[in-house]
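Notes for the one structure printed next.
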Amino acid sequence: RPFCGSSGQMLNTVLKLIGADRNKLWVTNALNCMPAGAKDHHKEKARQCCQERLYDELRLFPGRPVLTLGALASRMVLGENSILDYAGALYQLDLDGEGKIPRNVIPTIHPAFILRGGGDDDGAKANDGHFFALVYAANKVHRLAADRQAIFSEDIEYEHKDPVRAERLVEEIIEEARSGKLLAADVETKSP
């Protein structure tokens, strides 16, 4: 069963926070065949072995958005870039190579990364930020799945000459984000 250990417990916490029922979601592993302690070349072989199986699973749910957890899952569907290049943004996955089965994908970090300390010397602060990023990305996918969040909007206004109007536009965007609970803020602080 995927995500049944401590990473699964964290995932369950995230799902509860955003109001998603895990029993109504398809949760799977990107890789099913990688031995513990595998080196990078083993991971690449496992990825090649499991990619078509993963795509077959994704095809079972046409049109449903996907949250990839961690670098390996993100690379399985989006390519070779670092998870830091992908995390939190929305991408289009083309399962058939012809644009007939598009899928919205939002990659984020894996719960295990957070549980291991987030790759930062200041583990507690890093974990808070990484956990928030995980919740934020999961909520974006949940809102997309429920048709409560538009992907893109064509009604864009911009201003590059009048600073008063530019400030008003920014204020409107912030107010709209706040009222829709779509606003996130990175509030990391470092003591001098």
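FYI, it's all coordinate maths here, none of it is from the lab. Only a predicted model underlies this, so the values are computations on that prediction, with no experimental measurement involved. Positions of Cβ are generated from backbone atoms using ideal geometry, with glycine treated the same way; all protein chains shown enter the neighbour counts.
Quick rundown of the values:
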quantity: Distance in nm between pseudo-label sites at residue 92 and residue 25 (7 Å out along the Cβ direction from Cα); calculated: 2.5 nm
quantity: Phi-based couplings in Hz for region 39-45 (Karplus 6.51, -1.76, 1.60; Gly and Pro marked x); calculated: 7, 4, 5, 5, 4, 5, 5
quantity: Packing-based ranking, highest mean first, of 4-14, 135-145 given that Cβ atoms within 10 Å are counted; calculated: 135-145, 4-14
quantity: Length released on extending from residue 162 to residue 59, taking residue separation times 0.36 nm less the Cα-Cα span; calculated: 32.2 nm
